[in-house]
1. Would you give the gap between the C-alpha center of region 98-114 and the C-alpha center of region 63-94, rounded to a whole Å?
2. Would you please give the residues with an amide H less than 5 Å from that of Val37, counting only those at least 5 places away or on a separate chain, with H modeled from the backbone geometry?
3. How big is the convex hull of the Cα atoms of region 29-150, per residue, in Å³?
4. State, to one decimal in nm, how far the label point of Leu60 lies from the label point of Ala134, with both points 7 Å from Cα in the Cβ direction.
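Just so it is clear, none of the values below were taken in a lab; they were calculated from the coordinates. What you see is a predicted model; the values in this text were computed from it and never measured. Don't worry about glycine lacking a Cβ; one is built from the backbone with ideal geometry, like all the others, and counts go over all protein chains shown.
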Amino acid sequence: MSCMNPEDTWLASGRAAEAVGPRPTSLGSKPFPKPVVYACSGCSDAGELADSVARELTRLGVAEMSCLAGIGGRVKSLMNKAERAETILVIDGCPLNCARNTLELAGFQKFRHLELHRLGFRKGSCPPTPERVAGGIKAAAEMLAAEAVSCPKQIPPES
């Protein structure tokens, strides 16, 4: 039996967890300008609603949806995109918060989290109608606007 540092975390694959989390970006990487959005996209209507909200935010040009499964699978290009994102929005349809948990397990801690169940949408009774999608988009836009106000871009001083 080998000795392990008690602070080391190991995955089922036998790899150290520290090897799969976000890595510092290189000096040459540019931040991703638009908010990157991840939706749970689960099998229930609540997951479908979260997915529809994320896709509509992308269609409107407010954010760009990226692949949550790729984060779970630690796909290098998708991890890099998340690492370069200035803002990440995570949309979960139900209280299980699978999307949030996936990002946290991949080592991401700084993101906005929209929980659609807190808006009154309940699993099993919220098919993604245009009105429901619009309600999710409004909540997401308000959340992103609050992020922009709380973290303004650095403005260089005038000379």
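1. For region 98-114 versus region 63-94, the Cα centre distance is 9 Å.
2. The answer is Glu64, Met65, Ser66, Leu89.
3. Given the Cα convex hull of region 29-150, per-residue volume reads 96 Å³.
4. In this crude label model, Leu60 to Ala134 measures out at 1.1 nm.
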